[in-house]
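Colleague: Can you read through this structure? Questions will come right after.
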């Protein structure tokens, strides 16, 4: 059982009976689940993950008025839940990760990730929220939510960026992939700048992963999990996952043959991205250089101020 499954079992066997016994009047206004930061919220936890911030535990989300009325008392009861469950020690928060489990205000919870206590309402607001923060705000699982308000906010965020924000980000990823991978990587190698060459490929790796998530309309998670998460995406996910695996191995070896293979992989990955851009009718350009596709994607943005921003940004 992974962390999500253990947390749900802990709630059903220990948390829900406590709520029904002590807070029966509020039980239909409480949401419970496990969402946010941490490998267990993505289902990626393993034995290594158990060295910190791991174990039976869950989030209890309350609306502001309920949080004011019962938040403190409910937290005290949460703290008194069994400290051992299924042979595991109850999760204990350290100071750096405080606020990830226990009793939380719904609006404050979402503000932690989005900077807002409501769903973004404008393109400007959406543009300021990074992919990884939105991924953390919408991952995991909700175990219990009879009121439905927490899930409603969650589902509206999960519906993904507005299309014009997606286009802006895709345009910027085209530029980064082209500049860092297709253009600057070999130039840095020829200059003998090995650190700059490896950094160029690192930028290409990150932009490639982000591009795959954008093409799938899914939020890219925190860098630690972004490569692992992409392999389950239907559009290019498994294919690019394996190609980036090979690219990273070649970077480590970095002799002349590996350098050539790195560049060939960069071009092959870029070619697959261009093919998907065309399939989604985001570009009709025949160039094999992603730099030429970025401005075309950006020109599809209807909102003038956003269309006129620097294509390299985002």
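The values are calculated or read from the model by the stated rules, or taken from the named source; none is laboratory data. Predicted model only: the values in this text are computed from it and were never measured. Cβ: placed from backbone, ideal geometry, glycine included. Neighbour counts: every protein chain shown.
Colleague: Picking from 105, 117, 94, which residue would you name as being assigned by TED's automatic domain parsing to the domain that holds residue 135 and more than 17 Å from residue 149 (Cα to Cα)?
Modeller: Result of the check over 105, 117, 94: 94.
Colleague: For residue 32, work out the one condition from (1) in contact (Cβ under 8 Å) with a residue 60 or more places away in the chain; (2) in contact with a helix residue (DSSP H, G or I) (Cβ under 8 Å, 6 or more places away or on another chain); (3) surrounded by fewer than 19 Cβ atoms within 10 Å (Cβ to Cβ) it doesn't fulfil.
Modeller: Among (1) in contact (Cβ under 8 Å) with a residue 60 or more places away in the chain; (2) in contact with a helix residue (DSSP H, G or I) (Cβ under 8 Å, 6 or more places away or on another chain); (3) surrounded by fewer than 19 Cβ atoms within 10 Å (Cβ to Cβ), the lone unmet condition for residue 32 is (3).
Colleague: Of the residues 120, 95, which single one is over 22 Å from residue 6 (Cα atoms) and modelled with pLDDT under 95?
Modeller: Just one listed residue meets the conditions, 95.
Colleague: From the set of residues in the stretch 112-129 that are under 17 Å from the mean Cα position of the chain (by Cα) and surrounded by fewer than 16 Cβ atoms within 10 Å (Cβ to Cβ), which is nearest to residue 161 (Cα to Cα)?
Modeller: 128
Colleague: Out of (1) buried (at least 17 other Cβ atoms within 10 Å of the Cβ); (2) at pLDDT 95 or above; (3) within 22 Å of the chain's Cα centre (by Cα), what's the single condition that is false for residue 155?
Modeller: (1)
Colleague: Could you identify the single residue in 21, 27 that is outside any loop (DSSP other than H, G, I, E, B) and out of contact with any helix residue (DSSP H, G or I) (no Cβ under 9 Å at 6 or more places or on another chain)?
Modeller: Among 21, 27, only 21 is outside any loop (DSSP other than H, G, I, E, B) and out of contact with any helix residue (DSSP H, G or I) (no Cβ under 9 Å at 6 or more places or on another chain).
Colleague: Follow-up. What's the number of the condition residue 87 fails, among (1) at positive phi; (2) buried (at least 19 other Cβ atoms within 10 Å of the Cβ)?
Modeller: Going through the list (1) at positive phi; (2) buried (at least 19 other Cβ atoms within 10 Å of the Cβ), residue 87 breaks only (2).
Each row is one residue, and each column tells you yes or no for (1) within 24 Å of residue 298 (Cβ to Cβ); (2) surrounded by 19 or more Cβ atoms within 10 Å (Cβ to Cβ); (3) in the same structural domain as residue 38 (by TED's automatic domain parsing).
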site	(1), (2), (3)
236	yes, yes, no
249	no, no, no
255	no, no, no
267	yes, no, no
270	yes, yes, no
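Colleague: Give just the number: which of (1) within 25 Å of residue 49 (Cα to Cα); (2) part of a helix (DSSP H, G or I) does residue 100 not satisfy?
Modeller: Answer for residue 100: the failing condition is (2).
Colleague: Hey, can you tell me all the residues within the stretch 218-234 that are under 12 Å from residue 134 (Cβ atoms) and either out of contact with any helix residue (DSSP H, G or I) (no Cβ under 7 Å at 6 or more places or on another chain) or outside the structural domain of residue 170 (by TED's automatic domain parsing) (or both)? It would help to see each step written out before you state the result.
Modeller: Taking the stretch 218-234 first, the residues under 12 Å from residue 134 (Cβ atoms) are 218-222.
Result: 218, single match.
Colleague: Here is a follow-up. When you go through 209, 274 one by one, which is the residue that is touching a residue at least 24 places away in the same chain (Cβ under 8 Å) and buried (at least 19 other Cβ atoms within 10 Å of the Cβ)? Walk me through how you get there before you give the answer.
Modeller: Working: 274 fails: touching a residue at least 24 places away in the same chain (Cβ under 8 Å).
None of the other options fit; the residue is 209.
Colleague: Right, here's the next one. For the stretch 290-312, what are the residues that are out of contact with any helix residue (DSSP H, G or I) (no Cβ under 6 Å at 6 or more places or on another chain) and assigned to a loop (DSSP other than H, G, I, E, B)?
Modeller: 299, 302, 308, 309, 310
Colleague: Could you pull out the residue among 224, 217 that is at positive phi and either surrounded by fewer than 17 Cβ atoms within 10 Å (Cβ to Cβ) or free of Cβ contacts under 8 Å to residues at least 40 places away in the same chain (or both)?
Modeller: 217
Colleague: Please determine, by comparing only the residues of the stretch 182-196 that are in contact (Cβ under 8 Å) with a residue 40 or more places away in the chain and surrounded by fewer than 22 Cβ atoms within 10 Å (Cβ to Cβ), which one is nearest to the chain's Cα centre (by Cα).
Modeller: 182
Colleague: Filter the stretch 73-88 for residues that are in a loop (DSSP other than H, G, I, E, B) and touching a residue at least 40 places away in the same chain (Cβ under 8 Å); which is nearest to residue 2 (Cα to Cα)?
Modeller: It comes out as 86.
Colleague: Give the stretch 31-66 a look and list any residue that's part of a loop (DSSP other than H, G, I, E, B), modelled with pLDDT of 90 or more and in contact with a strand residue (DSSP E or B) (Cβ under 6 Å, 6 or more places away or on another chain), or say none.
Modeller: Across the stretch 31-66, the qualifying residues are 56, 58.
Colleague: Please give the number of the condition residue 25 fails out of (1) free of Cβ contacts under 8 Å to residues at least 12 places away in the same chain; (2) more than 22 Å from residue 149 (Cα to Cα).
Modeller: That leaves (2) as the condition not met.
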